[in-house]
Structure formats: C-alpha cells, structure tokens
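Peer 1: Starting off with a structure, shown below.
The values are calculated or read from the model by the stated rules, or taken from the named source; none is laboratory data. Computed from a predicted model, the values in this text were never measured in an experiment. Glycine gets a Cβ as well: all are built from the backbone with ideal geometry, and neighbour counts include every protein chain shown.
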C-alpha cells in the first residue's frame, strides 16, 4: 500500500449492513426518544467490538451518551463532546471504561504503532497521535484528571474509572 490511496469501490461492500437495516426499520421502536441522557451518564469506552455498552451496564437506548475511541482515551475531542453532553444533553456523571486485552494498551507507545503500520502497510501515520499507553491504570488516572480539572466542565462533576474484562464481562471500579 502506498501513501496515496485509491478509494476502494464501495459497490456491494456494504450490502449486508444496509439489508440488515431493513429488518431494523421493520421493528424500529425508538421513535420519539429524547436526545438527552435519561440516566445522566456519559460513558467513555473503547471501540473494541467485544464491548456492548448498554447491556454490560444495564442500560437501554436513551439512558447514556456513549463516546467510543481506540483505547477509551480522553482526548481533546472527547472533552469537547463531554462539555456539550453536560450542558446540552443531560449528562451529570462520567464513567471512563477501558478494557482488558486492549491493543492500544499492549504496545509501549505511539512509535511502536507507527512503526508497525509503516512496516506492514507502507503508510506513514506519524501525523496522528494514537494515545497508546502500556500503563493502562496510569493512563486511566491521567484521563480522569483531565475531566476533573477541565475548566469548562462543572466542578464536582462525578467522574469514575473502571476496567471491563472482555473475558468475563465483569467491570471492576478502579481506585484512581
């Protein structure tokens, strides 16, 4: 793969998900759902497909605002979204929930990811910051502090961290 990419033809590549949407529409039951977080929760978690945010926390659609990214990191964009969620969408508490066996926590740093992508695919990704950190608890503590001390978020906003175990489904609160 080179640095200049020709877009892959989309024809047919998404037929399965568009067809599945027809089934979803046939039984759609979320019409009229309010855009606020009914249970006042914002969840920051990973994009990992082993995570089912609603089910694992006993939530239903409309209960929470769910922010997902690689590694469940509190980035500038996450903070921007939390500010909007707190002031406009009913969020009153924030849970940051990374998980076990996370690829973003299994490498020593961004350089390792950049090198891997460069070696395997020939793509230079050094213009991106991936926020990798092999010290998952240290990264979680840092991210919680970013939320707690953000000047645009309310003082005293309840913020907690926990780790989700992808092998058992258990969530363990982190003492950070």
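Peer 1: Does residue 157 count as crowded, with 18+ Cβ neighbours inside 10 Å, within 30 Å of residue 32 (Cα to Cα) and modelled with pLDDT of 95 or more?
Peer 2: In short, no.
Peer 1: Please give the number of the condition residue 4 fails out of (1) at pLDDT 95 or above; (2) over 27 Å from residue 109 (Cβ atoms).
Peer 2: For residue 4, the exception is condition (1).
Peer 1: Go through (1) in contact (Cβ under 8 Å) with a residue 60 or more places away in the chain; (2) surrounded by 11 or more Cβ atoms within 10 Å (Cβ to Cβ); (3) farther than 18 Å from residue 70 by Cβ and name the single condition residue 167 misses.
Peer 2: Result: residue 167 fails condition (2) only.
Peer 1: Would you be able to say whether some residue in the range 21-31 is buried (at least 17 other Cβ atoms within 10 Å of the Cβ), part of a loop (DSSP other than H, G, I, E, B) and modelled with pLDDT of 95 or more?
Peer 2: No - not one qualifying residue is present in the range 21-31.
Peer 1: Does residue 125 satisfy being in a loop (DSSP other than H, G, I, E, B) and at pLDDT below 95?
Peer 2: no
Peer 1: Also: Just checking, which of 176, 107 is under 24 Å from residue 56 (Cα atoms), part of a loop (DSSP other than H, G, I, E, B) and modelled with pLDDT under 95?
Peer 2: Unique residue meeting the criteria: 176.
Peer 1: Could you please find all residues in the range 32-51 being out of contact with any helix residue (DSSP H, G or I) (no Cβ under 9 Å at 6 or more places or on another chain), surrounded by 10 or more Cβ atoms within 10 Å (Cβ to Cβ) and outside any strand (DSSP E or B)?
Peer 2: 33, 38, 39, 40, 47, 50, 51, listed by residue number.
Peer 1: Another one. Which members of the range 89-124 meet the condition of being under 20 Å from residue 146 (Cβ atoms) and out of contact with any helix residue (DSSP H, G or I) (no Cβ under 9 Å at 6 or more places or on another chain)?
Peer 2: Within the range 89-124, 89, 93, 95, 109, 110 qualify.
Peer 1: Let me ask something additional. If the requirement is being exposed (fewer than 12 other Cβ atoms within 10 Å of the Cβ) and in contact (Cβ under 8 Å) with a residue 60 or more places away in the chain, which of these qualifies: 101, 93?
Peer 2: One residue alone meets the criteria, 101.
Peer 1: Provide a single number: the residues in the range 154-172 that are touching a helix residue (DSSP H, G or I) at 6+ places or on another chain (Cβ under 9 Å) and part of a strand (DSSP E or B).
Peer 2: Residues flagged as touching a helix residue (DSSP H, G or I) at 6+ places or on another chain (Cβ under 9 Å) and part of a strand (DSSP E or B) within the range 154-172 amount to 7.
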